[in-house]
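Everything below concerns the one structure shown next.
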C-alpha cells in the first residue's frame, strides 16, 4: 500500500504525543513507517512544515471565539478571552511538548494558527484599534505559550529525575489563572479606553 500524507501526519503526531519533540526526527518517522526518509518529502516539505501541521492538530480542540463583525462589549470580550486562553492552555497540555511545537510555528508565521489569531480578533471586535489589538493579542499568546512551555519543561525534568519536585496540576492551573486575570485586568482598561476610537479612525 502506498504511503499517504495522513499516515505520515498521524504517525508523527503519535511520536510527539508519546515521546516528545526531541524524538520526532524525519529519520525516526521514516523508520516507524518502514520507508526511506526520502519518501516522506512527497507528503511534507520539511520538518518545519510537518510541525506546522501538528501545531494545527494540537489546537484543533480550541473553539474559535464568536466574532460576528459587530462591536462586542468589554465584559463580553473579557469573558471570551478568558475562556479562549484557558482552552488554548488545555489543548497545549494535552500533547507532550505541545507548547514548544505551537510556539515554533507561531514564530515562523504568526498568522498560521487561527486559534491564536482569534485573541487579536476579539480585541478588534471590541473596538481596540488595529495595532493595539495585535499587541494585546500577542501579549496573551506569549503569556500562554511561555507558562505552558515552562510547565511542560518542569514536568519533563521531574520525570527524568532532574528536578526534585514540580508543582502539581492544581498549583499550575491556579498560577496560570492568577496571571491571566492580571492581564485581563489591563485588557479591561484597554477595552474601555479604546472602545470608541475605531469609529473615529484613530490607530
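The values are calculated or read from the model by the stated rules, or taken from the named source; none is laboratory data. Predicted model only: the values in this text are computed from it and were never measured. Cβ sites come from the backbone with ideal geometry, for glycine too, and all protein chains shown count toward neighbours.
Quick one: which of 137, 186, 179, 156 is in a helix (DSSP H, G or I), surrounded by fewer than 18 Cβ atoms within 10 Å (Cβ to Cβ) and without any contact (Cβ under 8 Å) to a residue 24 or more places away in the chain?
186
Any idea which of 56, 35 is under 28 Å from residue 120 (Cα atoms) and outside the structural domain of residue 83 (by TED's automatic domain parsing)?
Testing whether each residue is under 28 Å from residue 120 (Cα atoms) and outside the structural domain of residue 83 (by TED's automatic domain parsing) leaves just 56.
Could you tell me whether residue 130 is modelled with pLDDT of 95 or more, closer than 23 Å to residue 77 by Cβ and more than 11 Å from the chain's Cα centre (by Cα)?
Here the answer is no, as residue 130 does not meet what is asked.
What do you reckon, is residue 170 under 25 Å from residue 59 (Cβ atoms), part of a helix (DSSP H, G or I), out of contact with any helix residue (DSSP H, G or I) (no Cβ under 9 Å at 6 or more places or on another chain) and at pLDDT below 95?
For residue 170, the condition - under 25 Å from residue 59 (Cβ atoms), part of a helix (DSSP H, G or I), out of contact with any helix residue (DSSP H, G or I) (no Cβ under 9 Å at 6 or more places or on another chain) and at pLDDT below 95 - is met.
Any idea which of 59, 33, 24 is more than 28 Å from residue 145 (Cβ to Cβ) and either under 25 Å from the mean Cα position of the chain (by Cα) or surrounded by 12 or more Cβ atoms within 10 Å (Cβ to Cβ) (or both)?
Only one candidate qualifies: 33.
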